[in-house]
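The values are calculated or read from the model by the stated rules, or taken from the named source; none is laboratory data. Remember, predicted model here, so these are calculated numbers, not experimental data. All Cβ positions, even for glycine, are placed from backbone atoms using ideal geometry, and neighbour counts span all protein chains on display. Accessible surface areas use protein heavy atoms only, side chains included; no ligands, DNA or RNA. Shrake-Rupley method; radii C 1.70, N 1.55, O 1.52, S 1.80 Å.
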Amino acid sequence: MRLRSIVAPLLKWFAKNARDLPWRRTRDPYAVWVSEIMLQQTQVKTVIPYWERWMKRLPDITALANAREDTVIKLWEGLGYYSRVRNMQKAARLIRDEHGGRFPRDLAGVMALPGVGRYTGGAVCSIAFNQSEPIVDGNVIRVLTRVVGIEESPKAKPVLEKIWAFTDDLVKHAVARQQPRQRNASAFNQAMMELGALVCRPRNPLCGGCPLQGRCTARKENKVETIPALAKRAAATKRRFIGFIINWRGKVFVQRRPSGDVNAGFWEFPNWEVSADADAAHLAKANLPLGQAELLCVINHSVTRYRNRLEMFLLRVSRKPRLAKLHGEWVSLAKIDKFPLTAAHRKVAKRL
DNA sequence: GAAGCGTGGGA
DNA sequence: TTCCCACGCTT
(Lines give C-alpha, C1' and ligand atoms only; values in the text may rest on other atoms or scores of the structure.)
Protein backbone atom coordinates (compact mmCIF):
# COMPACT_ATOMS: atom_id res chain seq x y z
CA MET A 1 0.00 0.00 0.00
CA ARG A 2 1.23 3.48 -0.83
CA LEU A 3 0.58 4.72 2.69
CA ARG A 4 3.41 2.50 3.87
CA SER A 5 5.86 4.88 2.28
CA ILE A 6 5.35 7.29 5.21
CA VAL A 7 7.06 4.89 7.63
CA ALA A 8 10.69 5.44 6.62
CA PRO A 9 10.66 9.26 6.48
CA LEU A 10 8.65 9.39 9.68
CA LEU A 11 11.12 7.21 11.59
CA LYS A 12 14.00 9.23 10.22
CA TRP A 13 12.34 12.48 11.28
CA PHE A 14 11.61 11.11 14.75
CA ALA A 15 15.19 9.93 15.28
CA LYS A 16 16.30 13.51 14.76
CA ASN A 17 13.44 15.50 16.28
CA ALA A 18 12.09 13.50 19.21
CA ARG A 19 11.87 15.58 22.36
CA ASP A 20 13.97 14.37 25.25
CA LEU A 21 11.15 13.63 27.69
CA PRO A 22 11.87 12.00 31.06
CA TRP A 23 9.64 8.98 30.41
CA ARG A 24 11.45 8.35 27.14
CA ARG A 25 14.56 7.48 29.14
CA THR A 26 12.99 4.33 30.54
CA ARG A 27 11.28 1.18 29.29
CA ASP A 28 9.83 0.33 32.66
CA PRO A 29 6.18 -0.51 31.86
CA TYR A 30 5.08 1.04 35.15
CA ALA A 31 6.77 4.33 34.32
CA VAL A 32 5.40 4.29 30.78
CA TRP A 33 1.91 3.50 32.04
CA VAL A 34 2.00 6.37 34.57
CA SER A 35 3.12 8.78 31.86
CA GLU A 36 0.43 7.61 29.43
CA ILE A 37 -2.38 7.99 31.96
CA MET A 38 -1.17 11.49 32.83
CA LEU A 39 -0.74 12.43 29.16
CA GLN A 40 -4.29 11.37 28.32
CA GLN A 41 -5.63 14.53 29.80
CA THR A 42 -2.81 17.00 30.02
CA GLN A 43 -0.08 18.47 27.89
CA VAL A 44 3.50 17.37 28.09
CA LYS A 45 4.76 20.55 29.73
CA THR A 46 2.35 20.17 32.64
CA VAL A 47 2.88 16.44 33.01
CA ILE A 48 6.69 16.56 33.39
CA PRO A 49 6.82 17.86 36.99
CA TYR A 50 3.87 15.68 38.01
CA TRP A 51 5.49 12.57 36.54
CA GLU A 52 8.84 13.28 38.17
CA ARG A 53 7.29 13.87 41.58
CA TRP A 54 5.16 10.73 41.21
CA MET A 55 8.06 8.50 40.19
CA LYS A 56 10.20 9.76 43.06
CA ARG A 57 7.49 9.15 45.62
CA LEU A 58 5.97 5.97 44.08
CA PRO A 59 8.78 4.42 42.02
CA ASP A 60 7.12 1.07 41.35
CA ILE A 61 3.90 -0.95 41.41
CA THR A 62 4.45 -2.05 45.00
CA ALA A 63 4.88 1.50 46.23
CA LEU A 64 1.66 2.57 44.48
CA ALA A 65 -0.28 -0.47 45.66
CA ASN A 66 0.77 0.03 49.27
CA ALA A 67 0.46 3.82 49.37
CA ARG A 68 -2.29 5.59 51.28
CA GLU A 69 -5.07 6.84 49.04
CA ASP A 70 -4.46 10.38 50.35
CA THR A 71 -0.86 10.28 49.20
CA VAL A 72 -1.80 9.14 45.72
CA ILE A 73 -4.59 11.67 45.33
CA LYS A 74 -2.40 14.50 46.57
CA LEU A 75 0.21 13.64 43.93
CA TRP A 76 -2.52 13.97 41.29
CA GLU A 77 -4.03 17.23 42.55
CA GLY A 78 -4.46 19.69 39.69
CA LEU A 79 -4.41 17.11 36.92
CA GLY A 80 -8.17 16.51 36.88
CA TYR A 81 -10.08 13.38 35.93
CA TYR A 82 -9.47 12.05 39.39
CA SER A 83 -11.22 8.73 38.82
CA ARG A 84 -8.16 7.83 36.80
CA VAL A 85 -5.79 8.08 39.71
CA ARG A 86 -8.09 5.87 41.76
CA ASN A 87 -8.16 3.41 38.86
CA MET A 88 -4.37 3.43 38.85
CA GLN A 89 -4.18 2.43 42.46
CA LYS A 90 -6.81 -0.26 41.88
CA ALA A 91 -4.74 -1.53 38.97
CA ALA A 92 -1.57 -1.55 41.07
CA ARG A 93 -3.31 -3.54 43.79
CA LEU A 94 -4.64 -5.95 41.19
CA ILE A 95 -1.13 -6.44 39.83
CA ARG A 96 0.21 -6.93 43.36
CA ASP A 97 -2.50 -9.42 44.31
CA GLU A 98 -3.18 -11.26 41.05
CA HIS A 99 0.07 -11.00 39.09
CA GLY A 100 2.66 -11.33 41.86
CA GLY A 101 3.57 -7.67 41.45
CA ARG A 102 4.74 -8.15 37.87
CA PHE A 103 3.30 -5.79 35.25
CA PRO A 104 1.32 -7.77 32.61
CA ARG A 105 3.30 -8.27 29.38
CA ASP A 106 0.56 -8.65 26.79
CA LEU A 107 -2.19 -6.44 25.37
CA ALA A 108 -5.07 -8.41 26.89
CA GLY A 109 -3.44 -8.36 30.31
CA VAL A 110 -2.68 -4.65 30.17
CA MET A 111 -6.17 -3.82 28.88
CA ALA A 112 -7.70 -5.78 31.75
CA LEU A 113 -6.38 -3.14 34.16
CA PRO A 114 -8.96 -0.58 35.25
CA GLY A 115 -8.54 2.70 33.41
CA VAL A 116 -6.69 1.11 30.51
CA GLY A 117 -8.44 0.92 27.16
CA ARG A 118 -7.35 0.30 23.62
CA TYR A 119 -5.12 3.35 23.40
CA THR A 120 -3.22 3.00 26.68
CA GLY A 121 -2.93 -0.76 26.27
CA GLY A 122 -1.34 -0.31 22.86
CA ALA A 123 0.89 2.50 24.11
CA VAL A 124 2.32 0.49 27.00
CA CYS A 125 2.82 -2.66 24.88
CA SER A 126 4.50 -0.82 22.03
CA ILE A 127 6.57 1.66 24.02
CA ALA A 128 7.64 -0.54 26.93
CA PHE A 129 7.77 -3.95 25.20
CA ASN A 130 8.22 -2.90 21.56
CA GLN A 131 5.22 -5.06 20.57
CA SER A 132 3.66 -4.13 17.24
CA GLU A 133 0.34 -2.95 18.67
CA PRO A 134 -1.30 0.04 16.99
CA ILE A 135 -2.40 3.14 18.86
CA VAL A 136 -4.77 5.88 17.85
CA ASP A 137 -4.98 9.14 19.76
CA GLY A 138 -5.93 12.64 18.66
CA ASN A 139 -2.51 13.19 17.08
CA VAL A 140 -2.65 9.99 15.06
CA ILE A 141 -6.17 10.83 13.91
CA ARG A 142 -5.05 14.25 12.72
CA VAL A 143 -1.92 13.01 10.92
CA LEU A 144 -3.70 10.17 9.15
CA THR A 145 -6.88 12.02 8.17
CA ARG A 146 -4.68 14.70 6.62
CA VAL A 147 -2.18 12.40 4.90
CA VAL A 148 -4.93 10.17 3.52
CA GLY A 149 -7.31 13.07 2.91
CA ILE A 150 -10.23 11.77 4.95
CA GLU A 151 -12.95 14.41 4.96
CA GLU A 152 -15.62 12.55 6.92
CA SER A 153 -15.66 13.11 10.66
CA PRO A 154 -13.24 10.78 12.46
CA LYS A 155 -15.91 10.50 15.15
CA ALA A 156 -17.89 8.23 12.86
CA LYS A 157 -17.22 4.67 13.84
CA PRO A 158 -16.29 3.23 10.41
CA VAL A 159 -13.88 6.12 9.85
CA LEU A 160 -12.23 5.58 13.20
CA GLU A 161 -11.97 1.85 12.59
CA LYS A 162 -10.30 2.57 9.27
CA ILE A 163 -7.73 4.72 11.05
CA TRP A 164 -7.04 1.89 13.51
CA ALA A 165 -6.61 -0.49 10.57
CA PHE A 166 -4.15 1.90 8.88
CA THR A 167 -1.97 2.24 12.00
CA ASP A 168 -2.14 -1.48 12.60
CA ASP A 169 -0.74 -2.09 9.13
CA LEU A 170 1.84 0.66 9.50
CA VAL A 171 3.22 -0.41 12.85
CA LYS A 172 3.59 -3.98 11.62
CA HIS A 173 5.30 -2.70 8.50
CA ALA A 174 7.64 -0.58 10.62
CA VAL A 175 8.59 -3.63 12.65
CA ALA A 176 9.02 -5.87 9.60
CA ARG A 177 11.63 -3.57 8.14
CA GLN A 178 13.45 -2.87 11.38
CA GLN A 179 17.15 -3.37 11.86
CA PRO A 180 18.48 -5.46 14.73
CA ARG A 181 18.51 -3.53 18.04
CA GLN A 182 15.95 -1.03 16.74
CA ARG A 183 12.69 -0.54 18.57
CA ASN A 184 10.47 0.44 15.72
CA ALA A 185 7.03 -0.35 17.09
CA SER A 186 7.86 2.00 19.93
CA ALA A 187 9.49 4.57 17.65
CA PHE A 188 6.77 4.45 15.00
CA ASN A 189 3.90 4.97 17.42
CA GLN A 190 5.68 7.77 19.22
CA ALA A 191 6.72 9.32 15.91
CA MET A 192 3.11 9.58 14.75
CA MET A 193 2.11 11.30 17.96
CA GLU A 194 5.20 13.50 18.02
CA LEU A 195 4.54 14.65 14.47
CA GLY A 196 0.96 15.49 15.44
CA ALA A 197 2.12 17.40 18.50
CA LEU A 198 5.02 19.35 16.95
CA VAL A 199 4.29 19.70 13.22
CA CYS A 200 0.84 18.49 12.20
CA ARG A 201 -0.80 20.70 14.82
CA PRO A 202 -4.56 21.33 15.02
CA ARG A 203 -4.13 24.95 13.93
CA ASN A 204 -1.29 26.48 11.94
CA PRO A 205 0.47 23.23 11.13
CA LEU A 206 4.11 23.56 10.11
CA CYS A 207 3.76 21.82 6.77
CA GLY A 208 7.05 23.25 5.55
CA GLY A 209 8.91 21.20 8.14
CA CYS A 210 6.90 18.03 7.69
CA PRO A 211 8.67 14.86 6.55
CA LEU A 212 5.41 13.75 4.89
CA GLN A 213 4.64 16.95 3.00
CA GLY A 214 5.10 15.33 -0.42
CA ARG A 215 2.76 12.50 0.56
CA CYS A 216 0.01 14.53 2.22
CA THR A 217 -3.36 14.70 0.48
CA ALA A 218 -4.67 17.53 2.65
CA ARG A 219 -1.65 19.65 1.78
CA LYS A 220 -1.90 18.85 -1.91
CA GLU A 221 -5.60 19.74 -2.00
CA ASN A 222 -5.31 22.74 0.32
CA LYS A 223 -7.53 21.18 2.97
CA VAL A 224 -5.20 21.29 5.93
CA GLU A 225 -7.49 23.72 7.75
CA THR A 226 -10.63 21.66 7.28
CA ILE A 227 -9.26 18.18 7.97
CA PRO A 228 -9.96 16.58 10.37
CA ALA A 229 -13.62 17.62 10.43
CA LEU A 230 -14.49 19.15 13.79
CA ALA A 231 -17.27 17.81 15.93
CA LYS A 232 -19.92 20.22 17.03
CA ARG A 233 -19.82 20.91 20.68
CA ALA A 234 -22.61 20.53 23.22
CA ALA A 235 -23.89 23.78 24.68
CA ALA A 236 -22.51 24.68 28.08
CA THR A 237 -24.67 24.79 31.19
CA LYS A 238 -24.29 27.47 33.81
CA ARG A 239 -24.27 26.41 37.46
CA ARG A 240 -23.96 28.51 40.56
CA PHE A 241 -22.54 27.53 43.95
CA ILE A 242 -22.37 29.31 47.31
CA GLY A 243 -19.60 28.35 49.70
CA PHE A 244 -18.24 29.38 53.07
CA ILE A 245 -14.85 29.80 54.63
CA ILE A 246 -15.74 29.35 58.28
CA ASN A 247 -12.90 30.85 60.24
CA TRP A 248 -12.64 29.94 63.91
CA ARG A 249 -9.46 30.87 65.76
CA GLY A 250 -7.43 30.87 62.59
CA LYS A 251 -8.71 27.49 61.49
CA VAL A 252 -11.03 26.80 58.59
CA PHE A 253 -13.48 23.99 58.06
CA VAL A 254 -13.01 21.58 55.16
CA GLN A 255 -14.91 18.45 54.26
CA ARG A 256 -14.01 15.40 52.24
CA ARG A 257 -16.08 14.39 49.23
CA PRO A 258 -17.56 10.93 49.77
CA SER A 259 -16.54 7.96 47.68
CA GLY A 260 -18.73 7.46 44.65
CA ASP A 261 -19.07 11.22 44.12
CA VAL A 262 -17.29 13.19 41.48
CA ASN A 263 -13.90 14.15 42.93
CA ALA A 264 -14.24 11.51 45.66
CA GLY A 265 -11.52 11.77 48.25
CA PHE A 266 -10.81 15.42 47.57
CA TRP A 267 -11.47 18.12 50.14
CA GLU A 268 -13.39 21.37 49.81
CA PHE A 269 -14.97 24.18 51.75
CA PRO A 270 -18.65 23.64 52.56
CA ASN A 271 -20.68 24.69 49.55
CA TRP A 272 -24.06 24.20 47.95
CA GLU A 273 -25.49 24.57 44.52
CA VAL A 274 -28.13 27.28 44.24
CA SER A 275 -30.34 28.22 41.34
CA ALA A 276 -28.71 30.48 38.81
CA ASP A 277 -31.07 33.36 39.55
CA ALA A 278 -31.17 33.02 43.34
CA ASP A 279 -31.14 36.41 45.04
CA ALA A 280 -30.54 37.37 48.66
CA ALA A 281 -34.15 36.68 49.65
CA HIS A 282 -34.06 33.19 48.24
CA LEU A 283 -30.79 32.48 49.96
CA ALA A 284 -32.11 33.77 53.28
CA LYS A 285 -35.01 31.35 52.99
CA ALA A 286 -32.50 28.57 52.52
CA ASN A 287 -31.04 29.47 55.94
CA LEU A 288 -27.69 30.42 54.57
CA PRO A 289 -26.20 33.01 56.97
CA LEU A 290 -25.17 35.44 54.27
CA GLY A 291 -25.96 38.41 56.52
CA GLN A 292 -22.94 37.85 58.73
CA ALA A 293 -20.62 36.85 55.95
CA GLU A 294 -18.54 38.96 53.62
CA LEU A 295 -18.01 38.03 50.01
CA LEU A 296 -14.43 36.86 49.67
CA CYS A 297 -14.23 36.06 46.00
CA VAL A 298 -16.05 34.69 42.97
CA ILE A 299 -14.38 31.81 41.16
CA ASN A 300 -15.39 31.02 37.63
CA HIS A 301 -14.51 27.46 36.89
CA SER A 302 -15.24 25.42 33.79
CA VAL A 303 -15.69 21.68 34.03
CA THR A 304 -16.49 19.71 30.88
CA ARG A 305 -19.71 21.28 29.69
CA TYR A 306 -20.41 23.23 32.87
CA ARG A 307 -19.61 26.86 33.57
CA ASN A 308 -19.54 27.00 37.33
CA ARG A 309 -19.65 30.17 39.34
CA LEU A 310 -18.55 29.71 42.95
CA GLU A 311 -19.30 32.59 45.34
CA MET A 312 -17.22 32.21 48.48
CA PHE A 313 -18.18 33.99 51.69
CA LEU A 314 -15.96 34.52 54.68
CA LEU A 315 -17.62 33.85 58.01
CA ARG A 316 -15.66 34.58 61.20
CA VAL A 317 -16.99 32.92 64.31
CA SER A 318 -15.76 33.31 67.87
CA ARG A 319 -17.40 30.16 69.21
CA LYS A 320 -16.75 26.84 67.57
CA PRO A 321 -19.85 26.09 65.54
CA ARG A 322 -21.37 22.66 65.75
CA LEU A 323 -21.40 21.38 62.22
CA ALA A 324 -22.88 18.05 63.07
CA LYS A 325 -24.25 17.47 59.61
CA LEU A 326 -20.95 18.20 57.94
CA HIS A 327 -18.22 15.61 58.16
CA GLY A 328 -14.98 17.46 58.03
CA GLU A 329 -12.02 18.86 59.88
CA TRP A 330 -10.77 22.15 61.21
CA VAL A 331 -7.40 22.94 59.71
CA SER A 332 -5.02 25.83 60.14
CA LEU A 333 -4.41 27.87 57.03
CA ALA A 334 -0.78 26.80 57.03
CA LYS A 335 -1.81 23.16 56.66
CA ILE A 336 -4.40 23.58 53.95
CA ASP A 337 -1.68 22.89 51.37
CA LYS A 338 -1.43 19.33 52.67
CA PHE A 339 -5.01 18.56 51.71
CA PRO A 340 -5.89 17.58 48.17
CA LEU A 341 -8.41 20.20 47.06
CA THR A 342 -10.47 20.29 43.90
CA ALA A 343 -9.32 22.90 41.39
CA ALA A 344 -11.94 25.55 42.20
CA HIS A 345 -11.33 25.26 45.94
CA ARG A 346 -7.57 25.34 45.48
CA LYS A 347 -8.09 28.71 43.81
CA VAL A 348 -10.11 29.84 46.82
CA ALA A 349 -7.40 28.64 49.22
CA LYS A 350 -4.82 30.66 47.30
CA ARG A 351 -6.84 33.81 47.95
CA LEU A 352 -6.76 33.32 51.71
C1' DG B 1 -14.99 31.11 24.61
C1' DA B 2 -13.94 27.09 22.05
C1' DA B 3 -11.24 23.08 21.42
C1' DG B 4 -8.76 19.16 22.89
C1' DC B 5 -8.58 14.27 25.06
C1' DG B 6 -9.19 8.15 26.43
C1' DT B 7 -12.09 5.36 29.34
C1' DG B 8 -16.11 3.51 31.12
C1' DG B 9 -20.80 3.60 32.70
C1' DG B 10 -25.30 4.05 31.55
C1' DA B 11 -28.90 4.86 28.00
C1' DT C 1 -24.63 -4.41 21.24
C1' DT C 2 -23.64 0.38 20.19
C1' DC C 3 -23.49 5.07 21.13
C1' DC C 4 -23.12 9.21 23.97
C1' DC C 5 -21.32 11.84 27.29
C1' DA C 6 -19.17 12.81 32.03
C1' DC C 7 -14.94 13.55 33.55
C1' DG C 8 -11.31 18.64 34.56
C1' DC C 9 -7.93 21.57 33.24
C1' DT C 10 -5.14 24.29 29.87
C1' DT C 11 -4.30 27.15 26.04
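Tabulated results
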| item | result |
| --- | --- |
| Derived scalar couplings ³J(HN,Hα) [the stretch A:61-69; Karplus, 6.51 cos²θ - 1.76 cosθ + 1.60; whole Hz; x for Gly, Pro] | 3, 4, 4, 5, 4, 8, 5, 5, 4 |
| For the stretch A:84-131 and the stretch A:157-174, distance of Cα centres in Å | 22 Å |
| Per-residue HN-Hα couplings for the stretch A:214-226 [Karplus 6.51, -1.76, 1.60; θ = phi - 60°; Hz; x = Gly/Pro] | x, 10, 9, 5, 4, 5, 4, 9, 6, 10, 4, 6, 10 |
| Antiparallel bridge percentage (DSSP; both residues within chain A; nearest 5) | 65 percent |
| Cβ-derived FRET efficiency at R0 22 Å, A:Asp20 paired with A:Thr226, nearest 0.05 | 0.05 |
| Euclidean distance between Cα centres, the stretch A:306-352 to the stretch A:12-41, Å | 37 Å |
| Phi-based couplings in Hz for the stretch A:148-161 (Karplus 6.51, -1.76, 1.60; Gly and Pro marked x) | 7, x, 8, 8, 5, 5, x, 6, 5, 3, x, 5, 5, 5 |
| Neighbourhood net charge (12 Å Cβ-Cβ; Lys/Arg +1, Asp/Glu -1) for A:Pro9 | +4 |
| Point-to-point label distance, A:Lys56-A:Arg93, nm (Cα→Cβ direction, 7 Å offset) | 2.8 nm |
| Gained length - A:Ala234 relative to A:Ala176, 0.36 nm times residue gap less alpha-carbon distance | 16.5 nm |
| Relative contact order, percent, the stretch A:55-135 [alpha-carbon distance under 8 Å, six or more residues apart] | 22 percent |
| Relative contact order, percent, chain A [alpha-carbon distance under 8 Å, six or more residues apart] | 16 percent |
| Mean Cβ neighbour count within 10 Å, used as a protection proxy, ranking A:205-212, A:314-321, A:170-177, A:193-200 highest first | A:193-200, A:170-177, A:205-212, A:314-321 |
| Under-5 Å amide H pairs with A:Ala293, H placed in peptide plane, nonlocal only | none |
| Sites A:Val298 and A:Glu152, calculated FRET efficiency, Cβ-Cβ separation with R0 41 Å, nearest 0.05 | 0.40 |
| Largest to smallest accessible area among A:Glu98, A:Glu268 [probe 1.4 Å] | A:Glu98, A:Glu268 |
| Among A:Asn271, A:Asn247, A:Asn222: highest mean-square fluctuation, GNM of chain A, C-alpha pairs under 10 Å | A:Asn222 |
| Potential extension, A:Ala112-A:Ala334 segment - 0.36 nm per residue separation minus Cα distance | 75.7 nm |
| Amide H partners (placed H, <5 Å) of A:Arg239, local residues excluded | A:Arg307, A:Asn308, A:Arg309 |
| Amide H within-cut-off set for A:Ile245, under 5 Å, with H built and near neighbours excluded | A:Phe313, A:Leu314, A:Leu315 |
